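What follows is one structure encoded as C-alpha coordinates, with my remarks underneath.
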Amino acid sequence: MDWLQTVIIAIVEGLTEFLPVSSTGHMIIAQNLLGVPQGDPFVHAFTFIIQFGAILSVVCLYWHRFFQYDHSPAPAGSTLFQKLKHKFRFYWLLIVGVIPAVVIGLLAKKSGLLDWLLDSVEVVAIMLVLGGVFMLYCDKLFNKGSENNKVNERRAFMIGLYQCISVIPGVSRSMATIVGGMAQNLTRRRAAKFSFFLAVPTMAGATLLDLLDLMKEDTAWATTHNITMLILGCVIAFIVALLAMKWFVDYLTKYGFKAFGIYRIVVGSIIIILLLTGHSLAMVD
(Lines give C-alpha, C1' and ligand atoms only; values in the text may rest on other atoms or scores of the structure.)
Protein backbone atom coordinates (compact mmCIF):
# COMPACT_ATOMS: atom_id res chain seq x y z
CA MET A 1 0.00 0.00 0.00
CA ASP A 2 1.28 3.47 -0.87
CA TRP A 3 0.64 6.83 0.80
CA LEU A 4 -2.30 7.84 -1.37
CA GLN A 5 -4.05 4.47 -0.95
CA THR A 6 -3.57 4.65 2.82
CA VAL A 7 -4.94 8.19 3.13
CA ILE A 8 -8.01 7.49 0.97
CA ILE A 9 -8.87 4.20 2.71
CA ALA A 10 -8.43 5.80 6.16
CA ILE A 11 -10.76 8.67 5.21
CA VAL A 12 -13.33 6.14 3.95
CA GLU A 13 -13.03 4.26 7.25
CA GLY A 14 -13.41 7.38 9.39
CA LEU A 15 -16.48 8.55 7.45
CA THR A 16 -18.26 5.18 7.44
CA GLU A 17 -17.31 3.57 10.78
CA PHE A 18 -20.35 4.90 12.62
CA LEU A 19 -22.70 5.10 9.64
CA PRO A 20 -24.93 2.07 8.93
CA VAL A 21 -23.31 1.49 5.53
CA SER A 22 -20.52 -0.96 6.49
CA SER A 23 -17.07 0.55 6.94
CA THR A 24 -15.40 -2.80 6.21
CA GLY A 25 -17.43 -3.17 3.03
CA HIS A 26 -16.50 0.34 1.89
CA MET A 27 -12.83 -0.27 2.62
CA ILE A 28 -12.91 -3.47 0.53
CA ILE A 29 -14.55 -1.53 -2.31
CA ALA A 30 -11.97 1.28 -1.97
CA GLN A 31 -9.12 -1.24 -1.95
CA ASN A 32 -10.43 -2.82 -5.16
CA LEU A 33 -10.87 0.58 -6.83
CA LEU A 34 -7.35 1.60 -5.84
CA GLY A 35 -5.77 -1.67 -6.94
CA VAL A 36 -4.70 -2.80 -3.46
CA PRO A 37 -3.79 -6.52 -3.63
CA GLN A 38 -6.42 -8.68 -1.92
CA GLY A 39 -5.51 -11.74 0.12
CA ASP A 40 -2.43 -10.12 1.63
CA PRO A 41 -2.19 -10.67 5.44
CA PHE A 42 -1.02 -7.09 6.00
CA VAL A 43 -3.98 -5.68 4.03
CA HIS A 44 -6.39 -7.78 6.11
CA ALA A 45 -4.78 -6.57 9.34
CA PHE A 46 -4.72 -2.96 8.13
CA THR A 47 -8.48 -3.16 7.46
CA PHE A 48 -9.19 -4.03 11.11
CA ILE A 49 -6.47 -2.04 12.85
CA ILE A 50 -7.43 1.35 11.40
CA GLN A 51 -11.01 0.63 12.47
CA PHE A 52 -9.72 0.61 16.04
CA GLY A 53 -8.15 3.99 15.35
CA ALA A 54 -11.59 5.30 14.39
CA ILE A 55 -13.21 3.62 17.40
CA LEU A 56 -10.87 5.45 19.78
CA SER A 57 -12.71 8.64 18.84
CA VAL A 58 -15.60 7.28 20.94
CA VAL A 59 -13.40 7.27 24.03
CA CYS A 60 -12.32 10.82 23.23
CA LEU A 61 -15.83 12.19 22.63
CA TYR A 62 -17.49 10.28 25.49
CA TRP A 63 -14.53 10.21 27.87
CA HIS A 64 -16.75 11.00 30.85
CA ARG A 65 -18.55 7.67 30.34
CA PHE A 66 -15.37 5.59 30.05
CA PHE A 67 -13.72 7.03 33.15
CA GLN A 68 -16.46 6.83 35.73
CA TYR A 69 -18.05 4.55 38.30
CA ASP A 70 -21.29 4.58 40.25
CA HIS A 71 -20.86 6.39 43.57
CA SER A 72 -24.19 5.25 44.98
CA PRO A 73 -24.14 2.41 47.55
CA ALA A 74 -25.00 -1.11 46.41
CA PRO A 75 -28.18 -2.70 47.83
CA ALA A 76 -27.84 -4.05 51.35
CA GLY A 77 -26.67 -7.65 51.52
CA SER A 78 -24.91 -7.56 48.13
CA THR A 79 -22.02 -9.94 47.54
CA LEU A 80 -18.59 -8.62 46.52
CA PHE A 81 -19.33 -9.50 42.87
CA GLN A 82 -22.66 -7.69 43.00
CA LYS A 83 -21.00 -4.64 44.56
CA LEU A 84 -18.40 -4.57 41.79
CA LYS A 85 -21.13 -4.93 39.15
CA HIS A 86 -23.00 -2.03 40.69
CA LYS A 87 -19.95 0.25 40.93
CA PHE A 88 -18.63 -0.55 37.47
CA ARG A 89 -21.96 -1.18 35.74
CA PHE A 90 -20.97 0.57 32.50
CA TYR A 91 -17.98 -1.75 32.01
CA TRP A 92 -20.00 -4.79 33.07
CA LEU A 93 -22.58 -4.13 30.36
CA LEU A 94 -19.82 -3.83 27.76
CA ILE A 95 -18.38 -7.19 28.88
CA VAL A 96 -21.81 -8.84 28.60
CA GLY A 97 -22.37 -7.28 25.19
CA VAL A 98 -19.01 -8.28 23.72
CA ILE A 99 -19.18 -11.98 24.72
CA PRO A 100 -21.12 -13.14 21.60
CA ALA A 101 -18.69 -11.33 19.28
CA VAL A 102 -15.71 -12.97 21.00
CA VAL A 103 -17.15 -16.46 20.46
CA ILE A 104 -18.42 -15.96 16.90
CA GLY A 105 -15.42 -13.88 15.83
CA LEU A 106 -12.92 -16.49 17.01
CA LEU A 107 -14.83 -19.29 15.28
CA ALA A 108 -15.03 -17.31 12.02
CA LYS A 109 -11.33 -16.46 12.16
CA LYS A 110 -10.13 -19.97 13.00
CA SER A 111 -12.25 -21.49 10.23
CA GLY A 112 -10.81 -19.11 7.64
CA LEU A 113 -14.31 -17.81 6.88
CA LEU A 114 -13.41 -14.26 7.90
CA ASP A 115 -10.42 -14.04 5.55
CA TRP A 116 -12.52 -15.40 2.67
CA LEU A 117 -15.27 -12.85 3.32
CA LEU A 118 -12.76 -10.00 3.42
CA ASP A 119 -11.62 -10.90 -0.11
CA SER A 120 -15.15 -11.03 -1.58
CA VAL A 121 -16.43 -7.79 -3.08
CA GLU A 122 -19.43 -9.82 -4.34
CA VAL A 123 -20.51 -10.53 -0.76
CA VAL A 124 -20.13 -6.85 0.10
CA ALA A 125 -22.31 -5.76 -2.84
CA ILE A 126 -25.08 -8.28 -2.09
CA MET A 127 -25.18 -7.41 1.61
CA LEU A 128 -25.22 -3.68 0.85
CA VAL A 129 -28.38 -4.15 -1.22
CA LEU A 130 -30.09 -6.54 1.19
CA GLY A 131 -29.23 -4.35 4.17
CA GLY A 132 -30.43 -1.28 2.28
CA VAL A 133 -33.81 -2.83 1.55
CA PHE A 134 -34.15 -3.78 5.22
CA MET A 135 -33.27 -0.24 6.32
CA LEU A 136 -36.11 1.22 4.28
CA TYR A 137 -38.55 -0.48 6.65
CA CYS A 138 -36.66 -0.97 9.94
CA ASP A 139 -37.75 2.38 11.40
CA LYS A 140 -41.40 1.30 11.17
CA LEU A 141 -40.61 -2.17 12.51
CA PHE A 142 -38.42 -1.24 15.48
CA ASN A 143 -38.84 2.45 16.30
CA LYS A 144 -40.88 1.84 19.45
CA GLY A 145 -38.28 2.79 22.04
CA SER A 146 -38.96 4.70 25.22
CA GLU A 147 -36.66 7.09 27.11
CA ASN A 148 -37.55 5.09 30.22
CA ASN A 149 -35.85 1.97 28.83
CA LYS A 150 -32.16 1.66 29.64
CA VAL A 151 -29.49 -0.87 28.73
CA ASN A 152 -29.46 -3.82 31.13
CA GLU A 153 -27.67 -7.20 31.01
CA ARG A 154 -30.31 -8.88 28.83
CA ARG A 155 -30.45 -6.00 26.36
CA ALA A 156 -26.65 -5.76 26.23
CA PHE A 157 -26.35 -9.48 25.44
CA MET A 158 -29.04 -9.33 22.75
CA ILE A 159 -27.34 -6.34 21.12
CA GLY A 160 -24.12 -8.36 21.21
CA LEU A 161 -25.86 -11.18 19.34
CA TYR A 162 -27.02 -8.75 16.67
CA GLN A 163 -23.46 -7.47 16.40
CA CYS A 164 -22.30 -10.95 15.34
CA ILE A 165 -24.16 -10.57 12.03
CA SER A 166 -21.64 -7.88 11.09
CA VAL A 167 -18.91 -10.50 10.70
CA ILE A 168 -20.22 -10.50 7.10
CA PRO A 169 -18.69 -7.49 5.26
CA GLY A 170 -21.39 -5.20 3.96
CA VAL A 171 -23.79 -5.78 6.87
CA SER A 172 -22.48 -2.89 9.03
CA ARG A 173 -21.66 -3.36 12.70
CA SER A 174 -23.26 0.00 13.42
CA MET A 175 -26.53 -0.94 11.74
CA ALA A 176 -26.67 -4.37 13.37
CA THR A 177 -26.12 -3.08 16.91
CA ILE A 178 -28.38 -0.02 16.58
CA VAL A 179 -31.21 -2.13 15.17
CA GLY A 180 -30.49 -4.66 17.93
CA GLY A 181 -30.95 -1.93 20.51
CA MET A 182 -34.13 -0.65 18.88
CA ALA A 183 -35.46 -4.23 18.82
CA GLN A 184 -34.94 -4.19 22.61
CA ASN A 185 -37.17 -1.08 22.84
CA LEU A 186 -34.34 1.44 23.19
CA THR A 187 -34.61 4.83 21.50
CA ARG A 188 -32.49 5.38 18.36
CA ARG A 189 -30.22 7.79 20.24
CA ARG A 190 -29.63 5.44 23.18
CA ALA A 191 -29.14 2.45 20.86
CA ALA A 192 -26.64 4.43 18.76
CA LYS A 193 -24.61 5.50 21.77
CA PHE A 194 -24.43 1.98 23.19
CA SER A 195 -23.42 0.79 19.70
CA PHE A 196 -20.49 3.22 19.83
CA PHE A 197 -19.49 2.13 23.34
CA LEU A 198 -19.68 -1.57 22.46
CA ALA A 199 -17.45 -1.00 19.44
CA VAL A 200 -14.49 -0.16 21.71
CA PRO A 201 -13.93 -3.60 23.34
CA THR A 202 -15.07 -5.37 20.14
CA MET A 203 -12.57 -3.66 17.87
CA ALA A 204 -9.85 -3.69 20.54
CA GLY A 205 -10.13 -7.48 20.63
CA ALA A 206 -10.18 -7.79 16.83
CA THR A 207 -7.13 -5.52 16.54
CA LEU A 208 -5.20 -7.50 19.17
CA LEU A 209 -5.94 -10.78 17.38
CA ASP A 210 -4.80 -9.37 14.05
CA LEU A 211 -1.61 -8.02 15.54
CA LEU A 212 -0.87 -11.40 17.14
CA ASP A 213 -1.56 -13.17 13.83
CA LEU A 214 0.74 -10.77 12.00
CA MET A 215 3.50 -11.39 14.53
CA LYS A 216 3.13 -15.17 14.05
CA GLU A 217 3.47 -14.82 10.29
CA ASP A 218 6.64 -13.97 8.43
CA THR A 219 7.68 -10.66 10.01
CA ALA A 220 8.87 -9.40 6.64
CA TRP A 221 5.68 -7.30 6.60
CA ALA A 222 6.99 -5.19 9.51
CA THR A 223 8.85 -2.71 7.35
CA THR A 224 9.22 0.92 8.33
CA HIS A 225 6.88 1.77 5.44
CA ASN A 226 4.08 -0.60 6.53
CA ILE A 227 4.26 0.45 10.17
CA THR A 228 4.15 4.10 9.10
CA MET A 229 1.10 3.34 6.95
CA LEU A 230 -0.64 1.72 9.93
CA ILE A 231 0.04 4.70 12.19
CA LEU A 232 -1.00 7.19 9.50
CA GLY A 233 -4.19 5.23 8.76
CA CYS A 234 -5.15 5.11 12.45
CA VAL A 235 -4.56 8.85 12.98
CA ILE A 236 -6.55 9.89 9.90
CA ALA A 237 -9.41 7.48 10.69
CA PHE A 238 -9.52 8.80 14.29
CA ILE A 239 -9.77 12.45 13.23
CA VAL A 240 -12.37 11.88 10.50
CA ALA A 241 -14.51 9.59 12.71
CA LEU A 242 -14.45 12.17 15.52
CA LEU A 243 -15.91 14.75 13.16
CA ALA A 244 -18.52 12.37 11.70
CA MET A 245 -19.81 10.69 14.85
CA LYS A 246 -21.80 13.45 16.53
CA TRP A 247 -23.39 14.46 13.22
CA PHE A 248 -24.59 10.88 12.76
CA VAL A 249 -26.27 10.65 16.18
CA ASP A 250 -28.20 13.86 15.57
CA TYR A 251 -29.18 12.86 12.01
CA LEU A 252 -30.27 9.34 13.01
CA THR A 253 -32.39 10.68 15.88
CA LYS A 254 -34.24 13.07 13.56
CA TYR A 255 -34.48 11.16 10.28
CA GLY A 256 -33.80 7.45 10.85
CA PHE A 257 -32.26 4.96 8.43
CA LYS A 258 -34.09 5.55 5.13
CA ALA A 259 -31.48 7.75 3.40
CA PHE A 260 -28.73 5.29 4.30
CA GLY A 261 -30.84 2.43 2.95
CA ILE A 262 -31.24 4.16 -0.42
CA TYR A 263 -27.50 4.88 -0.55
CA ARG A 264 -26.66 1.23 0.17
CA ILE A 265 -29.03 -0.03 -2.55
CA VAL A 266 -27.56 2.35 -5.15
CA VAL A 267 -23.91 1.56 -4.36
CA GLY A 268 -24.49 -2.20 -4.06
CA SER A 269 -26.52 -2.31 -7.30
CA ILE A 270 -23.82 -0.44 -9.26
CA ILE A 271 -21.17 -2.91 -8.06
CA ILE A 272 -23.33 -5.94 -8.89
CA ILE A 273 -24.03 -4.60 -12.39
CA LEU A 274 -20.32 -3.97 -12.98
CA LEU A 275 -19.41 -7.48 -11.81
CA LEU A 276 -22.16 -9.17 -13.84
CA THR A 277 -21.09 -7.34 -17.00
CA GLY A 278 -17.50 -8.50 -16.57
CA HIS A 279 -16.04 -5.19 -15.48
CA SER A 280 -13.30 -4.91 -12.86
CA LEU A 281 -13.64 -2.47 -9.99
CA ALA A 282 -9.93 -1.73 -10.07
CA MET A 283 -9.08 1.70 -11.43
CA VAL A 284 -5.40 0.82 -11.03
CA ASP A 285 -3.95 -2.48 -12.27
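Stretch PHE134-ALA222 to full length: gain in nm at 0.36 nm per residue minus the Cα-Cα span?
Values: separation 88, 0.36 × 88 = 31.68 nm, distance 4.14 nm.
Separation in residues times 0.36 nm, less the Cα-Cα distance, equals 27.5 nm.
Let's see if you can work this out: charge +1 on each Lys and Arg Cβ, -1 on each Asp and Glu Cβ, no other charges. What is the dipole magnitude of the chain about its Cα centre, in debye to the nearest 20? Don't skip to the answer; put the middle values down first.
Numbers: 22 positive and 17 negative charges, 354 e Å.
Dipole about the Cα centre, nearest 20: 1700 debye.
Roughly how many Å is it from the Cα centre of region 1-57 to that of region 75-93, as a whole number?
That distance is 39 Å.
Translational diffusion coefficient of the chain at 25 °C, 0.890 mPa s, Stokes-Einstein with Kirkwood Rh over Cα pairs, in µm²/s as a whole number.
Values: Rh = 19.5 Å.
After rounding, the answer is 126 µm²/s.
If I take every Cα pair under 8 Å that is 6 or more residues apart in region 1-138, average their sequence separation and divide by the length, what percent do I get for the relative contact order? The partial results should precede the final answer.
Numbers: 71 pairs, mean separation 32.7, N = 138.
Here the relative contact order equals 24 percent.
Most fluctuating residue of VAL124, VAL58, VAL266 in a GNM of the chain with Cα springs under 10 Å: which is it?
VAL266
Identify which of MET158, MET182, MET245 has the largest mean-square fluctuation in a Gaussian network model of the chain, with springs joining Cα atoms closer than 10 Å.
In this elastic network of the chain, the residue with the biggest mean-square fluctuation among MET158, MET182, MET245 is MET158.
Just by accessible area at a 1.4 angstrom probe, what is the order of TYR263, TYR162, TYR62 from largest to smallest?
On the way: TYR263 100, TYR162 65, TYR62 25 Å².
Of TYR263, TYR162, TYR62, the descending order of accessible area is TYR263, TYR162, TYR62.
Could you tell me whether region 1-160 comes out rounded, prolate or oblate from its Cα gyration tensor? Rule is a ≥ b ≥ c as square roots of the eigenvalues, rounded for a/c under 1.5, then prolate if a/b exceeds b/c, otherwise oblate. Intermediate values should be presented prior to the final figure.
Numbers: a/c = 2.14, a/b = 1.80, b/c = 1.19.
Prolate shape, in that a/c is at least 1.5 and a/b is the bigger ratio.
When Rg is the radius of gyration of the Cα atoms in region 196-260 and Rh is its Kirkwood radius, what does Rg/Rh come to?
Answer for region 196-260: 1.13.
Given q = 0.13, 0.25, 0.28, 0.31 Å⁻¹, what are the Debye log10 I(q)/I(0) values for region 1-50, with equal point scatterers placed on the Cα positions and solvent ignored?
Per q value, in the given order, log10 I(q)/I(0) is -0.25, -0.93, -1.16, -1.37.
So for the chain, averaging the separation of alpha carbon pairs under 8 Å that are six or more residues apart and normalising by length, what relative contact order in percent results?
Details: 420 pairs, mean separation 103.6, N = 285.
About 36 percent, as a whole number.
Across the chain, where is the longest run that never hits trypsin sites (Lys or Arg not before Pro) in a DSSP loop with at most 14 other C-beta atoms within 10 Å? Can you show the working numbers first?
Details: sites that count: LYS144, LYS150.
My reading of the result: 1-143 is the longest stretch.
Checking the cross-link filter: which lysines have an alpha carbon closer than 25 Å to that of LYS140, excluding same-chain neighbours under 8 positions apart?
LYS150, LYS193, LYS246, LYS254, LYS258
Using Cα pairs closer than 8 Å and at least 6 residues apart in sequence, work out the relative contact order for region 143-228, in percent.
Working: 71 pairs, mean separation 23.8, N = 86.
Reported as a whole number, the value is 28 percent.
What is the Cα radius of gyration of region 113-209 over 2.2 N^0.38 Å, N being its residue count? Mind showing how you got there, number by number?
Details: Rg = 14.0 Å, N = 97, 2.2 N^0.38 = 12.5 Å.
Compactness ratio reported: 1.12.
Can you compute the modelled spin-label distance between LYS150 and VAL103, with each label point 7 Å from Cα toward Cβ, in nm?
Output for this residue pair reads 2.7 nm.
In µm²/s, what is D for region 64-105 at 20 °C and 1.002 mPa s, where D = kT/(6 pi eta Rh) by Stokes-Einstein and Rh is the Kirkwood radius from Cα pairs?
Calculated translational D: 186 µm²/s.
Add -39500 (n - 2.57) for each DSSP H run of 4 or more in the chain, then divide by its residues: what number comes out at 222 nm, to the nearest 500 deg cm²/dmol?
On the way: 13 runs with 213 residues, N = 285.
Calculated mean residue ellipticity at 222 nm is -25000 deg cm²/dmol.
How compact is region 116-162 by the rule of thumb for globular proteins, expressed as Cα Rg over 2.2 N^0.38 Å?
Working: Rg = 15.2 Å, N = 47, 2.2 N^0.38 = 9.5 Å.
My calculation over the Cα atoms of region 116-162 gives 1.60.
Which values of log₁₀ I(q)/I(0), to two decimal places, follow from the Debye formula for region 128-285 at q = 0.12, 0.15, 0.20 Å⁻¹ with a uniform point scatterer at every Cα?
At q = 0.12, 0.15, 0.20 Å⁻¹ the computed log10 ratios are -0.69, -0.98, -1.29.
The values are calculated or read from the model by the stated rules, or taken from the named source; none is laboratory data. No experiment lies behind these values; they were computed from the predicted model shown. For neighbour counting, all protein chains shown are included, and Cβ atoms are generated from backbone atoms with ideal geometry for every residue, glycine included. Protein only, heavy atoms only, side chains kept; ligands, DNA and RNA dropped before computing areas. Shrake-Rupley method; radii C 1.70, N 1.55, O 1.52, S 1.80 Å.
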